[in-house]
Amino acid sequence: MKRKYAKPPIVEAACEFRLPPDSQWDPTIPGLVYQKVCKEFPRKEQRFVTEVDVSETKEGPRQEVRVTERAGFLTEDGRFIIQIGPRAFGASCLKPYPEWAAFKQRIQVAFAAVAEAVEIRVLQRIGLRYINRIEVPAPAGSLGDYFMFGPALGPGLPQNLTSFLVGCTSSLADGRDSCRLQLASGVPEKEGTAAFILDIDYFLAQAQAVGKDGAMDWVEGAHGSVSELFEACIKEPLREIFQEVR
Amino acid sequence: MLAVSGFLTGAKPFRWDSPWSSKAEARATSEPCRAHGLLNRPTVIVEDPYMLSWSLAAQYLALARRFAAETPSLMLEIEATLVWLGGLGGVRVPRRAEVREYLVRHPDMIEVAESLCAAASRRLREDCQVSLEVYHDPEIEDEYLTLYVRQQEYDEGLLTPIEELYQACEQQLIGRSGWLLVTTDFRPPT
């Protein structure tokens, strides 16, 4: 049975869909989508996203830095946002995180609105990402008391960490999906505490393996996997900090 | 025993009980860390943010937040900014929760805050301290970022760099949803 917490550490959840590079797209699509979602997402804003793309070419690795413009449609309280850029769209939610059903409903609204504005046959990529910000008392215990996932340094390496990052990408669902798990040191808000960012990024690894009709089922399945991975990353003292509801 | 010392706060060391430490050392470095349920040895980056202006973890966060292959995350971008500011010489962010909340409401101010703090760290005298805070106007419902420039002893010479910093960011503020003020409150550095 899925665990519930009174103080979940989720600071952001994001679901993003990308369409194939050869799919139909034009600059009027964000406007058409806004017409469909403006009652629930009345606030508009413009966001510029700087992206780094690293690709392999015959001449060797090539880095490309590009700035893309995304339209953002927010709920009145700013907690939920739909973002649309060229051949990419999605919904995200900031803390306090609602029940999954409430977030999924916003994802569905975004998907349905875009699907009405543009033909979607297959998805190039789907991603469901949860960013967890965790603060624990700094002097007490060890990282291993809280996490099942962390740095493991050999005896000859420096043991006194001031910041760290550990990560791995695993293949799931018979290679169709992947999940990138990352744990990094963060910036604590309170004195005498240590902060960590647990980033769970679950995504469709096989491009175009999911069609329009299967997209929301994929998202539901991804959420189940992310929940299981989250529980597998943490230990009981963190469940106490998050105040598990029994 | 692996110690993680207080990160950017200077708090007491934090420990990670490595599967390779103490008794586990004998099992040597080639063995995957099965004790922690990991199939592969994870990548570990260790860096001291006090030694470099930008720690490796911050660099990674800054890149990771913007890799085109990933689902974008605003909170990760803000976290990367705070880690990065913490590594800049002479820059403090005493009430991080407030700054974090402000940047959530005004994400287009992240770039301005980064740029201005970097300029302040570069241009101001070594004994100057800058503090990035959120100013709440007590009379009207308004708030904005403020970069307080502080030094032990005040003289008229401080006004020129403050003015230059403000002029440098003034253009960047056009069209943004928030605001950033550069000033001093004539308090000593903390």
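All of the numbers you see were taken from the coordinates with simple rules; none came from a lab. Note that the coordinates shown come from a computational prediction; the quantities given were computed from them, not determined experimentally. Cβ: placed from backbone, ideal geometry, glycine included. Neighbour counts: every protein chain shown.
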Task: Built amide H within the under 5 Å cut-off of residue A:88, gap 5+ - done: A:19
- [ ] Based on other C-beta atoms within 10 Å, arrange B:96, A:3 from fewest to most.
- [x] A:3, B:96
Task: Derived scalar couplings ³J(HN,Hα) [region B:121-134; Karplus, 6.51 cos²θ - 1.76 cosθ + 1.60; whole Hz; x for Gly, Pro] - done: 4, 7, 8, 7, 4, 4, 7, 7, 10, 10, 10, 8, 9, 9
- [ ] Output ³J(HN,Hα) for region B:97-109: one whole-Hz value per residue in order, computed from phi by the Karplus curve 6.51 cos²θ - 1.76 cosθ + 1.60 with θ = phi - 60°, and x for Gly and Pro.
- [x] 4, 5, 5, 4, 5, 5, 5, 5, 6, 10, x, 6, 8
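Between their Cα atoms, which of A:4/A:190; A:2/A:104; A:39/A:104 are more than 21 Å away from each other?
Values: A:4/A:190 25 Å; A:2/A:104 16 Å; A:39/A:104 18 Å.
From the list (A:4/A:190; A:2/A:104; A:39/A:104), the Cα-Cα distance tops 21 Å for A:4/A:190.
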Open item on the list: Amide H of residue A:210 versus every other amide H placed in the peptide plane: which residues, excluding those fewer than 5 positions away on the same chain, fall under 5 Å?
Closed with: A:123
Task: Per-residue ³J(HN,Hα) for region B:139-151, Karplus 6.51 cos²θ - 1.76 cosθ + 1.60, θ = phi - 60°, Hz, x for Gly and Pro - done: 9, 10, 6, 8, 8, 7, 6, 9, 9, 8, 9, 10, 8
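Compute the normalised compactness of region A:107-242: alpha-carbon radius of gyration over 2.2 N^0.38 Å, N being the residue count. Please list the in-between numbers first.
On the way: Rg = 18.4 Å, N = 136, 2.2 N^0.38 = 14.2 Å.
For region A:107-242, the normalised Cα radius of gyration is 1.29.
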- [ ] Any chance you could get the radius of gyration and Dmax over the Cα atoms of chain A, in Å?
- [x] 19.6, 61
